[in-house]
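See structure below.
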Amino acid sequence: MIHFFKNKRQSVLLGSLSMTLILSACGGGDDNNNEQNEEGSTAWDEIQESGVITVATSGTLYPTSYHSDEDNDLTGFEVEIVKEAADRLDLDVEFTEMGFDGMLTSINSGQVDLAVNDIDINERREEDFLFTDPYKFSYGAMIVRPDDYSGIESLEDLEGKRHGGAATTIYMQLAEEYGAEGVTYDNVTNDTYLRDIENGRLDVVMNDYYLQSLAIEALPDIDVVIHPDLFYYPNNQAMIMKKDNVELQENMNNVLADMMEDGTITELSEQFFGGQDVSQEPDIDFEVEQ
């Protein structure tokens, strides 16, 4: 069994994580790559001219995007990746903090150039948006009560269980597909989820393994555990941007490749994920692959 640890007490938005929104109202992508505006310049031209790249993130999802205890500055695994990538592109970064549900809409409206918030790459999103190459590889886990693992020995045992999370996440969708009753939460932190499992209001929360590990490590007084035998839904995360912003995607991919090769992303992973390298694909037998 693989274990990951992070010695820091920090609130985590589990429900709006990974946060794996099923696209429903974000609108379709534009088929014209590198679409020009009326002046004939592309989005990448405008970014270079302004010298600023605008990025949506939550600021509440530890350890990928949060405010540090020491100085309240915005930091985190993906925040620091964006900062470093922008620096290598000779750009400043302007972060806009918002709830996850608004990020993809903000990309389509042109309010921001891209978003980072532990956002999964999936086929449906790829129909409407562009992603960079992935830099985080993860998988789903379950937080349950420790005495009987909330009566769950397989995904089929989710039938009739109460699962907590945001209404639009892939994890909520998966739980409900297996017959769980979805209990939706709006913009709450990890202690709410964990205490509701402990007190029986919930039976399970399904979400990203690394983030759940950090949540439990941060709140040892709450009597919950990660199910030791059920892992599922291998996934990967990257920056997401508008469908026609091919030049931005290409330039980001170039610097991300350099950051992978020179060890920068591994160093950031170890800094924010308790010594673990999330940029490497895990070697695990999964209950559900997709």
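The values are calculated or read from the model by the stated rules, or taken from the named source; none is laboratory data. Quick caveat, the model's predicted, so the values are computed rather than measured. Cβ atoms come from the backbone with ideal geometry, glycine included; neighbour counts cover every protein chain shown. Please note that ligands, DNA and RNA were not included when accessible areas were found on the heavy atoms of the full protein model with its side chains. Shrake-Rupley method; radii C 1.70, N 1.55, O 1.52, S 1.80 Å.
Observations
- In region 45-93 the Cα-Cα distances spread across 5 Å bins starting at 0 as 6, 21, 26, 20, 15, 9, 3, 0 percent of all pairs.
- Fully extended contour minus Cα-Cα distance, from ASP45 to GLU176, at 0.36 nm per residue: 42.7 nm
- Sites ASP92 and ASP147 - FRET efficiency at Förster radius 41 Å, r taken between beta-carbons, to 0.05: 0.20
- Using the 1.4 Å probe convention, the accessible area of region 138-288 works out to 40 Å² per residue with neighbouring protein chains retained.
- Among TYR233, TYR62, the order of accessible area from largest down is TYR233, TYR62, computed with a 1.4 Å probe on protein heavy atoms.
- Using only the C-alpha atoms, the convex hull of region 145-218 corresponds to 87 Å³ per residue.
- Paired Rg and Dmax values of region 165-290, which use every Cα atom, in angstrom: 17.4, 50
- Each peptide among 63-72, 211-220 gets the average number of other Cβ atoms lying within 10 Å of its residues, and from highest to lowest they stand as 211-220, 63-72.
- Counting charges near GLY200 (Lys, Arg +1; Asp, Glu -1) among other residues having Cβ under 15 Å from its Cβ returns a value of -2.
- Calculated translational diffusion coefficient of region 54-122 (10 °C, 1.306 mPa s; Stokes-Einstein with Kirkwood radius over alpha-carbon pairs) equals 130 µm²/s.
- Structural size metrics of region 194-257, computed from C-alpha coordinates, are Rg and Dmax of 18.0, 50 Å.
- Ordering of 41-51, 137-147 by packing is 137-147, 41-51, highest average first (other Cβ atoms within 10 Å, averaged per residue).
- Exposure of VAL52 as accessible area (Å², to 10), given a probe of 1.4 Å and all protein chains: 40 Å²
- At the residue level, ILE170 shows approximately 20 square angstrom of accessible surface with a 1.4 angstrom probe and all protein chains present.
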